[in-house]
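Structure first, then comments.
The values are calculated or read from the model by the stated rules, or taken from the named source; none is laboratory data. Computed from a predicted model, the values in this text were never measured in an experiment. Here the Cβ positions follow ideal geometry from the backbone for every residue, glycine too, while neighbour counts run over all protein chains shown. The protein model used for the area step is the full one, side chains on, heavy atoms only, and it has no ligands, DNA or RNA in it. Shrake-Rupley method; radii C 1.70, N 1.55, O 1.52, S 1.80 Å.
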Amino acid sequence: MEKPYVMAVRKLYGALDSPSTMRALASLFEHDVEFELIPVDFQAGELKKMPSLSPFGELPVFQEGDLTLFESRTIMRYISHEYGKRGEEQVYEIPKLQGIAAAWIDVEDHQFDPPASKLIWELVFKPQKGLPTDEGVVEEEEAKLVKVLDVYEERLSNSVFLGGDKFTSADLTHIPSLYLLMKTPVKRLFEERPRVRAWYRGVMSRPGWEKMVEMVEKVRA
């Protein structure tokens, strides 16, 4: 049975409970790139012992030969450009179309991710650590996320995917947060918007993401 994450030519340093690591993993799986996952215990400060890998001390880190990349969206972009599958490319050759897709990657980074990350912290990670949820923060961040999802609902009335007429990194970059948010009451905000609902269900059924989830579940078992 083929295992695309056991070969040592390429290495991804990361933690499977990190949405950023999940983003890089999903991109690698989507493109059938062989790699070795090097688990890093971020809480134990293991990454601080390797400053040459990540100058800002963040995960994940991707290595391929003499290339070292940090920042999950950078890794995702590199993988999609370097390892595009014929007929299933997640980038556009036409600069105008790629510019549109790139804009929605930035939208995820600057508009979607800030409230999503705070909600994930309050509703997923805090309970796991035995910490109380701050309902005031949840209410505030839900209001911010609603505004973003309303924009998405409008955008998806003009295209099947956020980045255009095909699945691109603009969609993939959302999936780790979607995966975690769907385990919380915030799921209703996505379900209430029919185009957003169809979009998130579609992108989360991607084979690459299913492989990522399988890896996570094996580790947790």
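Quick rundown of the values:
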quantity	calculated
Options GLN111, GLN90: the member that is polar (S, T, N, Q) and under 11 Å from SER169 (Cα atoms)	GLN90
SER54 vs. criteria closer than 24 Å to ASP113 by Cβ and either modelled with pLDDT under 95 or in contact with a Leu (Cβ under 6 Å, 6 or more places away or on another chain) (or both)	yes
Residue ranges of helices (runs of 4 or more DSSP H) in the stretch 128-221 with at least 2 members within 16 Å of the chain's Cα centre (by Cα) and either buried (at least 19 other Cβ atoms within 10 Å of the Cβ) or touching a residue at least 12 places away in the same chain (Cβ under 8 Å) (or both)	169-172, 175-181, 194-203, 207-220
Among residues of the stretch 93-123, those that are open to solvent by less than 30 Å² (accessible area, probe 1.4 Å) and either touching a strand residue (DSSP E or B) at 6+ places or on another chain (Cβ under 8 Å) or outside any helix (DSSP H, G or I) (or both), counted	1
Among the residues listed as ILE105, ILE75, ILE94, the single one being at pLDDT 95 or above, farther than 25 Å from LYS144 by Cα and not hydroxyl-bearing (Ser, Thr, Tyr)	ILE75
Matching residues in the stretch 56-91 - criterion: being in a loop (DSSP other than H, G, I, E, B), closer than 23 Å to ASP17 by Cβ and open to solvent by 50 Å² or more (accessible area, probe 1.4 Å)	PHE56, GLU58, GLU71
